[in-house]
Amino acid sequence: MRDPYEVLGIDRKASAGDIKSAYRKLAKKLHPDANKNDPKSASRFAELNAAHELLADDDKRKAFDRGEIDAEGKPRFQGFGGGGPRPGGPGGFGPDANFESFDFGPEGFTRTTRRGRAGGGFGGFEDILKEAFGRGARGGASSFEQENFGAGAGADVQAEMSVTLPDAANGSTQRLHLPNGKNVDVKVPAGITNGQHIRLKGQGMAGQAGPGDLLITVSIAPHPQFILDGSDVRLDLPITLYEAVLGAKVRAPTLDKPVEITIPPWTSGGRTFRLKGKGFPAKTGRGDLLVTVRVVLPDKSDAELDALMKTWQGDKPYDPRKDM
């Protein structure tokens, strides 16, 4: 993946607010729903989500800036200790480093975690063999970790996959790239929620007793327009001043296809309309879409409108805050 700062188009000194603002702007531009005729839109959007995930996490961002992890979140190899750099320094393993080792016994493979020795480096060839097994790699918007070693059995592989809110609501099929270079098509069921798992039998690591499984944890990416609220979905819908005063029929997006809603005359900004059954699927039935109208003035000032408002202010004043 490209440098996450480059993906978001921001400076390395950008604040957390700058990161959030850049992500929202690009999410609206690159979202697959806005680029349905572009076959590469999904991969660009996934790259954007991965870059935002790394830089929005303060610890991951600092680790990336220090060169400890790469743009995909994978640890960079810092070199062995021993005759190399000093323990804890650049390119060495310090006393606080954590190591995982795998041992084979009556129970099959077992994994243990221990802290590095103060002297740094490895004790010998046996230690090198033990330390040769590490945790899985992270690639793009997905991360992987090998688990469940058993005697003769293939290991399960854990993965993370990000999906859009409409895809989570309506279901979709997405291609996932595994660390071994293999691509698998993952069917995302309609109504899947954050943190739910999809298990693909026989897609894990090979073993004498057969391959393990691929266990995918699904997360729903932030949407530039919709906000999930339980099974309901919230949407802010901009309307003009004359639509608010005179009333109108306007198109509003949903998780499926746009619908037309009626704005009654004299509708104040902040009024919410409930569209039954247009929300997110749930066990108790599909939720509702809650559309809150926001009155938006023209981009440029208008002399006639200014004059009208001054006349209105003088002849017909009113106080919307009188009860506050």
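The values are calculated or read from the model by the stated rules, or taken from the named source; none is laboratory data. Remember, predicted model here, so these are calculated numbers, not experimental data. We place every Cβ from the backbone using ideal geometry, glycine too, and count neighbours over all the protein chains shown. The protein model used for the area step is the full one, side chains on, heavy atoms only, and it has no ligands, DNA or RNA in it. Shrake-Rupley method; radii C 1.70, N 1.55, O 1.52, S 1.80 Å.
What FRET efficiency do you get for ASP315 and ALA16 if R0 is 41 Å and r is their Cβ-Cβ distance, rounded to the nearest 0.05?
Efficiency for this residue pair is about 0.30.
Give me the extension gain from VAL296 to ASP38: residue separation times 0.36 nm, minus the current Cα-Cα distance, reported in nm with one decimal.
Gain on stretching VAL296 to ASP38: 89.8 nm.
How would you classify segment 187-324 from its alpha-carbon gyration tensor, with a ≥ b ≥ c the square roots of the eigenvalues: rounded for a/c under 1.5, else prolate if a/b is greater than b/c, otherwise oblate?
Here segment 187-324 falls in the prolate category.
Can you tell me the accessible area per residue over segment 200-242, all protein chains present, probe 1.4 angstrom, in square angstrom?
52 Å²
Of ALA22, HIS52, ALA34, which is farthest along the charge dipole of segment 2-68 in the positive direction, counting Lys and Arg as +1 and Asp and Glu as -1 at C-beta?
Farthest towards the positive end: ALA34.
Sort 305-312, 231-238, 41-48, 246-253 by the packing proxy (mean of other Cβ within 10 Å over each peptide's residues), most packed first.
In descending order of packing, they fall as 41-48, 231-238, 246-253, 305-312.
Could you tell me the calculated FRET efficiency between ALA282 and HIS177, based on Cβ-Cβ distance and R0 = 30 angstrom, to the nearest 0.05?
The value I calculate is 0.45.
In nm, to one decimal, how far is the modelled label at ASP229 from the one at ARG24, with both set 7 Å along Cα→Cβ?
1.7 nm
Which listed residue (MET205, ALA307, GLY195) has the Cα farthest towards the positive end of the charge dipole for segment 173-324, taking +1 on Lys and Arg C-beta and -1 on Asp and Glu C-beta about the Cα centre?
Going by the Cα projections, it comes out as MET205.
Starting from the Cα-Cα distance between MET324 and ARG66, subtract it from 0.36 nm times their residue separation and give me the gain in nm to one decimal.
Difference between extended and current length: 87.7 nm.
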